[in-house]
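Here's the structure we're looking at; comments come further down.
The values are calculated or read from the model by the stated rules, or taken from the named source; none is laboratory data. Just so we're clear, the structure is a prediction, and the values are computed from it rather than from any experiment. Quick reminder, even Gly has a Cβ in these numbers, built from the backbone with ideal geometry, and neighbours come from all protein chains shown. Side chains included, ligands, DNA and RNA excluded: accessible areas come from the protein's heavy atoms. Shrake-Rupley method; radii C 1.70, N 1.55, O 1.52, S 1.80 Å.
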Amino acid sequence: MEPYVLGYKFRIYPNKTQQRLINRTLGCCRFVYNHFLAVRRDQWQANHRSVSYFETCKLLTDLKRQEETSWLKEADSMALQESLRNLDNAFQNFWKLHTGYPRFKSKHSHSQSYRTRNQKNGIRIVDKRIKLPKIGFVKIKQSRDCNGRILSVTISRTASGKYFVSLCMEQDKENLVRSNAGGMIGIDVGIRAFYTDSLGHIVENPRHLNRFLTKLKREQRRLSRKMPKSQNRDKARIRVARIHEKIANIRKDFLHKHSTQLARENQTIAVEQLNIKGMLRNHKLAQAISDVSWSEFFRQLTYKTELHGGELLKVDTFYPSSQTCSVCGYQNALAKDLSVREWDCPECGMHHDRDVNAAKNILRKALEDKSKVA
C-alpha cells in the first residue's frame, strides 16, 4: 500500500485559557525565529560562517536554561524546533532558489501560525475534540472524516480572531483513489469567462472581489479614520478582515466545486501552462487575474486528477491555441488581437468561437505531445 499525505483544515474553538496558551506559543515561536535569524546573520557578517539547523537546536537548549528566557519552557518544545526548521528552510531557499533574504517576523501581524509534530500519539481527535500539546483537548468542528496517521499539525489564528488546525495526515492511497467517468477535455482559462472547455461549455467568471469591493472600500475608509491603537480601530480592522475572509471562502468554494467536477468526469484534462507571475506585472489586469485564481485552480486539478485516477496534461505557454484553426490547422495572425472573439478560417471556412477553438487546440496538442513522449 502506497502512503499518501493529505492536509485537512478544521476550525477549533479554544476557551479563554487555551487562547492565551496558543497566543503565548505563537509569541515564543516568533521570538525563537527572530532571535536565531539575528544569530545566523551576525555570525555570517562577523566570521563569514553559516550556522546550521543542528547548531541552533543546541543553542535553543542553552537559551531555555538562561533565567531571562526561561519562559520558553512553557511553550511546546516541538513547535520551537519547527520554528528553527522554518528558518533553516528559508535560508536554504535563499541560497538555492534565490528567494528573498529571510525577514524578521512582526508581533503586530494579526495572522499567525505555528507547527508542531505528533509524537507518541500526542495529537489525536477524540469525541469532537482534538488533543494538542501543552493546550489539551480543544473543541473542533470536523466537517469530514479523516482516517490516517497524523504527522504534524499547524495551529493558526486569522486576522479576525478565529482559530484553525491543519492536519498533515498519512493515508493509504488505495483508500483515497476514486474512479472517473473517462472523458477527455481541454480547458482554456480566461478573465471574461472563468474557463471554456473543448465541448463548448462556458463557466462564467463570478468576479468574487467585485461583489464586495464597494463594501470593502467603505470599511477600509472607516478603518483609516480611527485613532491608532484604539479599540475602535481594532473593531474596524476585524470588520475589514471578515470581508476579506468571506471573499476568500467563496472563492475557495467555487474552485473546489469546479475542480472536483472536472476530476470526476474526465480521465484526461489538458490545460495551458501560463506564466501567471509574469502576467501579474500588467497592473491593468493584476487585480482581475488575482481574483480569478488560476494558480490555485491548477493546483487543485493536479492532485484531484491523481486521486481520481486521471491525468493533467499541460501545453507550452507559447503555443498559439487561439490563432490556430482546430479543423485544418491554419494559423490566423489576425486572431492575436484579444478583441477578436469570433473568426472564420480563410482556409476551410470554419467559424470559430475564440475560447472554444483554443480549448480544442489545447486538448489536441496535449495528446500529440503525450504520444511523442510515449
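Just a few scattered comments:
- Nearest-ten-degree value, helix 77-96 long axis tilted from longest Cα axis of the chain: 50 degrees
- Structural descriptor for region 133-213: relative contact order 16 percent, calculated from alpha carbon pairs under 8 angstrom and at least 6 residues apart.
- The phi torsions of region 311-319, fed into the Karplus equation with coefficients 6.51, -1.76 and 1.60 and a -60° offset, translate into couplings of 9, 10, 9, 10, 9, 4, 4, 8, 5 Hz, rounded to whole numbers, with Gly and Pro shown as x.
- From most to least packed by mean Cβ count within 10 Å, the peptides 261-270, 12-21, 317-326 give 261-270, 317-326, 12-21.
- Anisotropy class of region 155-262 from Cα gyration tensor, a/c 1.5 cut: oblate
- Between helix 208-224 and the chain: long-axis angle, C-alpha atoms, 0 to 90°, nearest 10: 40 degrees
- A protection proxy built from the mean count of other Cβ atoms within 10 Å ranks the segments 249-259, 277-287, most packed first, as 249-259, 277-287.
- Relative contact order, whole percent, for region 179-261 stands at 18, derived from Cα pairs under 8 Å and 6 or more residues apart.
- Remark: region 60-155 carries 65 Å² of accessible area per residue (probe radius 1.4 Å; ligands, DNA and RNA excluded).
- Backbone HN-Hα couplings from phi across region 358-370 [Karplus 6.51/-1.76/1.60, Hz, Gly and Pro as x]: 5, 5, 5, 5, 4, 5, 4, 5, 5, 5, 4, 5, 5
- Ellipticity estimate at 222 nm from DSSP helix runs (n ≥ 4, -39,500 (n - 2.57)) divided over the chain, nearest 500: -15000 deg cm²/dmol
- Within the accessible area of the chain, the carbon and sulfur atoms contribute 50%, probe 1.4 Å, all protein chains present.
- Per residue value of the accessible surface for region 211-287 (all protein chains in place, 1.4 Å probe), Å²: 70 Å²
- The chain - convex hull of the alpha-carbon atoms, volume per residue in Å³: 205 Å³
- Annotation: amide H-H contacts under 5 Å for LYS134 (H modelled 1.01 Å from N, sequence separation of 5 or more, or interchain): none.
- In Å², nearest 10: area of ASP188 left accessible to a 1.4 Å probe: 20 Å²
- Packing here is the average count of other Cβ atoms within 10 Å per residue, and on that basis the peptides 93-99, 309-315, 352-358, 156-162, highest first, run 352-358, 309-315, 156-162, 93-99.
- Two-decimal Rg to Rh for region 1-83 - Kirkwood Rh, Cα set: 1.10
- Rounded to 10°, Cα long-axis angle of helix 16-47 versus longest principal axis of the chain: 90 degrees
- For region 297-374 versus region 129-162, the gap between their alpha-carbon centres in whole angstrom: 43 Å
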